[in-house]
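We did not get these values from a lab; they are worked out from the coordinates using the rules stated. Just so it is clear, the structure is predicted and the values come from calculations on it, not from any experiment. Glycine gets a Cβ as well: all are built from the backbone with ideal geometry, and neighbour counts include every protein chain shown.
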Amino acid sequence: MLSFLLGLIIFSCEKEANVKLPKAPPKLVVYSFISPQDSIVTVKVTQTIPVFRTTYYSSSDPEIKWLDNALVKISKGSIETILHYNSEAERYETSSKTFSIEPGQTYFLTVFTAEGLSVDAQCTVPISNNSLKMQIDTIKSSKTDEYDSWNLMINWKQMSPSKNYFMFYAQGELNKSINPEYPNDKIFFIRMEDDFTFLIPSETSGIFSKKNLFTNYISPTDKDTARLTSISAVLFSVDEPYYRYHEWESNHEDDNPFAEPTLPYTNINGGLGVFGSYNKTCIRQDLK
Amino acid sequence: MYRFILLFFILIFLPLISFTQNTKFTISGYVKEKGSGELLIGVNVYLPELKTGTTTNNFGFYSITLAPQDSLTLIYSFVGYTHQVNQLKLDHDYALNVELSQDLVLKEVVIIVDQEEKVSQSVQMSKIELPISQIKNIPALLGEKDVLKVLQLMPGVQKGSEGNSGIYVRGGGPDQNLIILDDAIVYNAYHLFGFFSLFNGDALKSVELTKGGFPARYGGRLSSVIDMNLKDGNKEELHGSGGIGIISSRLTLEGPITKNHSSFIISGRRTYVDALIRPFLPPEEKGGYYFYDLNAKVNYDFGRKNKLYLSGYFGRDKFSYKNKYIEEDQNGNIKNYTSKGGFSWGNATGTFRWNHLFHNNLFANSSFIFSNYQFVISYNETRGKDRYNLDYISGIRDFTLKSDWDYLPSPNHSIKFGLISTHHRFTPSAIVLKNTQATEFRQKAKRIDVMESALYAEDIYKPFNQLKINGGIRLSYFLTNKDHYLNLEPRVAASYSINEELSLKASYALMNQYVHLLSNTGIGLPTDLWVPSTKRIAPQRSQQVAVGIAKDFTGKKVAVTFEGYYKKMDRIIGYKEGASFMTIDNPETSEQVNWEDNVTSGQGWSYGTEVLVQKKVGKLSGWIGYTLSWTQLQFDSLNFGKKYYARYDRRHDLSIVGIYEWNPKITLSATWVYGTGNAITLPTSEFMAIEPDLQTSNYAHADIRKEYGPKNSFRMAAYHRMDLGIQFHKKKRWGERTWEISVYNLYNRKNPFFYTISSKYNANTNSSTTFLSQVTLFPIIPAISYSFKF
């Protein structure tokens, strides 16, 4: 069938469309995810470029880059601070010691550039009122293949109802690194049913259970020396912008001609990107 | 609700009891075509003294019950046929069968009486009847006459994309059209991915499209009803017709089985592209594509009281290939390798109907209907002793029982009531995989059985001569395993005659749709999947109001209708962003796609005005249709919940169709169409998007993503095209032959089929420019065909 469609395309004629293309003035694109658990508040700023453009390969200047000349301010109530550019990390930042992020507080972000572009956004940091329990069933239950597998059940309950969304992942810790290049690299994401992270829509409480958890990080050849020492479950209480942005990130589909295009989510007024927040709860279980 | 239904039935039937108590006589019978005995649908029977009348139903039956009259004139008239006038003294019941002669020369008829069928006198609005003779005269792509493409030339009806038969009625999708052939639902009405419809004009007796003001007898789809009836077959002598075109040939035979009692018609069409390319394929490879369709019908007339009909449609599209060669493995062993496969899809329908006249004014048609649509992929590979087979099947199968009753107690009441019950069996996917190298994999067909039923009653009531009201109600019921839906669907249409040629009309209809079509592209691919309503996916619903003016210019044989409509659609199906049902390329995984996860429910609005100026007979016939319309959709999970224009929102749509009978030997025809471009979503900008690293809260990963602007905010270039045709007719000893030369897209307009993003490199400046590229499907295409009839 596809070959028929392709055949049609071959016999059909293609030419430059004689239509008025939509205007695409540059827009600021801003990313910031704030959390009470982070030691730093960071903001990355870039801008859009038109799809229909001419690219000169002789130019050493990249077409899309992180901007370093913006004025980035974050505020809560009457307290405002300016973020400074860190050229190594290509982002604007300030320490949470000088500007703290607190649960339940609403934050405002504004970004200006010398070219006259400006955007603003706001978000409210979720209050994490979860009681979190983790239950791991039958370590190394599967003996038929080279990977260990078991069941993991996370049980959480919100102490008071909220409109929080959730994001979850689990990580394992090894007794030693199995990557000689990075001797300190002992932590790895645990893949569950082909996914590493899970977005969970707004609920007041819930049980999250995944089966056939694989520690495929440890290959059979490393099994003799490497050993899993602990498993941690990390539950993020996230605000709606954080959730919607990640939902778009995981569902976006630009290349399938038979799929509906996925419009990018944003809560940045006048621009693109996201200003979101999260509140992290961890639980850890040591393994013998 | 039940009390309301009871009240409604009492209101309808109470007045009828009183009618039966007075002395009245009934004139009833069948109207046939002279020479063939073909029963004629929609013949106007007019009583000038009483300024009232009726029309024949789908089986050519009419009935008028009146108080005794000393002298009564009945005028039978039908487009393309000479009138017949009967006079009688109404002092007893009459069984009066009438035969009308075809008016072979469609000249500007000197009108004997000016009571031919008039749009201004019909209570029904938003209805289009296509004369089959006009379909045969209109130029078509590659000379293949197509009923659905002719319907696309009518106001309020739009095509989706270039060359495609899919139709969009008043803002509704192609899935919202109820397409019925002799009462059987046709689920996929297209051949060759929608480029041709499967209806063969040679076998059709009537085509009727209803866009709004739906009578209660119709239901189950939101936007339109396309009701087609097959010919019964000539009851007097054997006749045939056929044609040879560029891509297909067709042949129809019809004739009596027992003269004047029983007849048959059989009509087939097949493409022969596969046969033409076969000599050019290498010897070790075989394959090709063809489609065929076959219509057949037999009937037996037991007399006035009973008639039986058995009709069927069978059609199939098939792509296939076969490779065969000898290969040598690493050990030097010679092995035969064959691989063959392909895919096919097709409909089969069967209808058994029994007409029974219970009383001179009570006619019933009961039907048993079968309909099946199946899409099959098969792949078979043999390498030495190793075998691999894969079969994938999806489809829908219906068994329907239906009984429709016409009760005509007086010229002021024309009552229809009935019931319909359909058992649908959906098979969204079934896979059988056999592999000698691995264990056999078999996924049993996941069947979903549901019942869809309805009761209806409607009455065309004439309180006084100027006013006609068609009030009706339909009670529809849908039952799945665990869930059921019950809905009441009120329908009303009214027309008020200002004078004999001018009337005002208004209508309201509520429709529910219980089955949904999941489509990858909306262009009618065989992979499109029908699925039932579920607990999560509720039935779609529409409410439509329409108002209009109908004016006949009897002397000029021209009818003008002007209509405005407003349609609100609720719980309509949309596809989530990023969702695709294109899983057929890997059938083994298709079951893992849960369609309910990929769809979302929303609402839609469509409103607009339509003008139709139509001339059905005369040396110059044809129509001009213009539509000004808006269609907007809103889904909570699409476009951030904001309203947007539907892809097929078309502000202006104009069709001009002209057929000119220069002389009995030459017919000229031309069409010109114009439509606003489709609304699509186009990327405008690119930007870096990040994915935060959860462990370290750093921004680990950045990708280039596209910004699109609001959904469907870009308009494709407008579509316009002119087609021309000339037919040369010649009488022969055995009948008549016609050569037709036609040109599709006469001035070679490069209409966009779709847009894609391309880039070109400039070596001088060492740069590349990205631009919007337009793909055009059909340039100017001439065609020639030969047809005959005897």
Quiz item: Hey, what did region B:176-237 get for relative contact order, percent, Cα under 8 Å, at least 6 apart?
Solution: 46 percent
Quiz prompt | Amide hydrogen neighbours beyond the local backbone of residue A:51, cut-off 5 Å, H modeled | solution = B:685, B:686
Exercise. Give the long-range amide H neighbours of residue B:599: residues separated by 5 or more places, or on another chain, with amide H under 5 Å away, using H modelled in the peptide plane at 1.01 Å from N.
Key: B:576
Quiz prompt | Compactness of region B:217-331, expressed as Rg and Dmax over alpha-carbon positions, Å | solution = 21.9, 80
Practice problem: Give me the distance between the Cα centres of region B:21-68 and region B:259-298, rounded to whole Å. | Solution: 41 Å
Quiz prompt | Cross-link pairs B:127/B:551; A:23/B:750; B:416/B:557; B:89/B:468 - those with Cα-Cα distance over 20 Å | solution = A:23/B:750; B:416/B:557; B:89/B:468
Quiz item: So which trypsin sites (Lys or Arg not before Pro) in region B:142-216 are both in a DSSP loop and have at most 11 other Cβ atoms within 10 Å of their Cβ?
Solution: none
Self-check item: Hydrodynamic radius of region B:633-735 per Kirkwood, over alpha carbon pairs, in Å
Solution: 19.0 Å
Quiz prompt | Local electrostatic count at residue A:121 - Lys and Arg +1, Asp and Glu -1, tallied over other residues with Cβ under 12 Å | solution = -1
Quiz prompt | Estimated 222 nm signal from helices in chain B, with DSSP H stretches of n ≥ 4 weighted -39500 (n - 2.57), rounded to 500 | solution = -1500 deg cm²/dmol
Quiz prompt | Cβ crowding within 10 Å averaged over residues, with B:66-74, A:43-51, B:374-382 ranked highest first | solution = A:43-51, B:374-382, B:66-74
Quiz prompt | Computed over region B:595-674: relative contact order in percent, which uses C-alpha pairs under 8 Å that are six or more apart | solution = 26 percent
Self-check item: Volume in Å³ per residue [convex hull over Cα atoms, computed for chain B]
Solution: 214 Å³
Quiz item: Expressed as a rounded percentage, what relative contact order does chain B have, with Cα pairs under 8 Å and six or more residues apart?
Solution: 10 percent
Exercise. Determine ³J(HN,Hα), in whole Hz, for all residues of region B:91-103 in sequence, where each value follows from phi through the Karplus function 6.51 cos²θ - 1.76 cosθ + 1.60 and θ = phi - 60°; x replaces Gly and Pro.
Key: 10, 7, 6, 10, 9, 10, 8, 10, 10, 10, 8, 5, 7
Practice problem: Compute the separation of the alpha-carbon centres of region B:709-739 and region A:50-77 and state it in Å as a whole number. | Solution: 51 Å
Practice problem: Starting at the first residue of region A:99-108, write each ³J(HN,Hα) from the Karplus equation 6.51 cos²θ - 1.76 cosθ + 1.60 with θ = phi - 60°, in whole Hz, x for Gly and Pro. | Solution: 9, 7, 9, 10, x, x, 8, 9, 10, 10
Exercise. Would you mind checking the tilt of helix B:2-21 against the longest principal axis of the Cα atoms of chain B, expressed as 0 to 90 degrees and rounded to 10?
Key: 30 degrees
Quiz item: Past the 32 Å Cα-Cα mark, which pairs from B:205/B:556; B:318/B:567; B:305/B:732?
Solution: B:318/B:567; B:305/B:732
Practice problem: For residue B:302, enumerate residues with amide H under 5 Å from its amide H, sequence gap 5+ or separate chain, H modeled in the peptide plane. | Solution: B:307, B:308
